[in-house]
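Data first, discussion second: the structure below is written as structure tokens.
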Amino acid sequence: MVVSLRKSADFVFHQKEPPNGGPPLCRLVEEFVTPEPDFFLRTHGDMPELDPSTYRLTVAGLLSKKYEFSLNQLSKLFSSKEVAATVQCAGNRRCSASAVKTVQNEVAWGNDAISSAVWTGCSLADLLRFIGCVGRAKHVEFIGSDSCQKEGTETKFGGSIPLARALAGDVLLAWGMNGRPLSREHGAPLRAIVPGYIGARSVKWLQAINLLVAPSNNLFHAHAYRLFSPGASAPNADWEHALELGELSVNSCICSIREISDRLLVKGYATAGGSRHVVRVDIGYGEPWKWIEASFLDPGEAGVWRRWQALIPKLFVGELICVRAYDSAANTQPEYPESVWNFKGYMNNAWHRVRFSMQCEDVKVTKPELEYYL
């Protein structure tokens, strides 16, 4: 399966069946919009190959009748729009969590489970208003066409978002990515895009939308993507009452370090969740920490990353560099990964630390073993 994917030759696969991986970090932040060959890949099961000409999206649930839409109908009934949005897996930076304590039975993500694109499609809000989603509905469920195995159960991948979020206008039913039709590996012919939420809510190979009173009972919503305290473990976990993942936490990552004359140019990305955006990034170096505020390469907008860079003094090999970000609600990252460790390895957003290692002119921080944790 991997050889048929349209990915760069040096794309790093953390799992081959089903395929999951991302690009080298040094290249990840070269552009605001991630080229498709470098766009990270997250799959939970098979990758269905659907015929766009016969494809139908079903909309049902708390409605007076069931609706079906072809791609052609969606494009004619509703205005096409473009939305720039960053997709980030809830397991991004799991390597930090695993360095504290082993995370079992999860994809061993580094810091690469994130990418940005300009998505083309129609607004979910327009569709919901067209069908008249009134009454008892409080949640909107997305169900994909992909069959997945999870904990001995076979199910379609799915999840839901609150109706209020679905009606905000920027949630997209996308058929295009970076000016081209969606490819199979990224959800063709139609997928959901939910800016500011964990990637699991941007369901690919979209098969059905359901209006519900309560959040989805799909296995990947009601069970898989839940957040637990550091003291919880799989055998004693209270799955029913665990925190349901939705909006992303503020986060940041160092992606490359390059020597320029007598200084180091440090580059990376920062993200915020929900309707918030990144407002500040600090780079720390040395022991004790000395701080420099980074400059941004992109404007601050909700739902999309901000790439940043900073020049710091040249360090000795082995000295520490770290990064922390602040969002528009004054949220910042916790200092230590131990404080946010959980047995699923989700939502790790502790300061990202690296040991400076001058292996070549352009230092590429691409492997978990180059990351250092206090």
- Exactly one of (1) exposed (fewer than 15 other Cβ atoms within 10 Å of the Cβ); (2) not in a loop (DSSP other than H, G, I, E, B) is unmet by TRP239. Its number? (2)
- Please tell me if ASP10 is closer than 29 Å to ARG258 by Cβ and either open to solvent by 10 Å² or more (accessible area, probe 1.4 Å) or charged (D, E, K, R) (or both). yes
- Task: Could you please find all residues in the stretch 256-275 being without any contact (Cβ under 8 Å) to a residue 60 or more places away in the chain, buried (at least 23 other Cβ atoms within 10 Å of the Cβ) and either in contact with a His (Cβ under 6 Å, 6 or more places away or on another chain) or not hydrophobic (A, V, I, L, M, F, W, C) (or both)?
- Result: none
- Task: State whether the residues of the stretch 37-46 include one that is over 21 Å from ILE193 (Cβ atoms), open to solvent by 50 Å² or more (accessible area, probe 1.4 Å) and in contact with an Asp or Glu (Cβ under 6 Å, 6 or more places away or on another chain).
- Result: yes
- Matching entry among SER147, SER160 (being part of a strand (DSSP E or B), more than 21 Å from VAL304 (Cβ to Cβ) and touching a helix residue (DSSP H, G or I) at 6+ places or on another chain (Cβ under 7 Å)): SER160
- For VAL194, indicate whether it is surrounded by 23 or more Cβ atoms within 10 Å (Cβ to Cβ), out of contact with any Leu (no Cβ under 9 Å at 6 or more places or on another chain) and either of a type in the set (Asp, Glu) or at negative phi (or both). no
- Message: Could you go through the stretch 121-139 and let me know if any residue there is open to solvent by 10 Å² or more (accessible area, probe 1.4 Å), closer than 29 Å to GLY45 by Cα and out of contact with any Leu (no Cβ under 6 Å at 6 or more places or on another chain).
- Response: no
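The values are calculated or read from the model by the stated rules, or taken from the named source; none is laboratory data. These numbers come from a predicted model, not from an experiment. Glycine gets a Cβ as well: all are built from the backbone with ideal geometry, and neighbour counts include every protein chain shown. The protein model used for the area step is the full one, side chains on, heavy atoms only, and it has no ligands, DNA or RNA in it. Shrake-Rupley method; radii C 1.70, N 1.55, O 1.52, S 1.80 Å.
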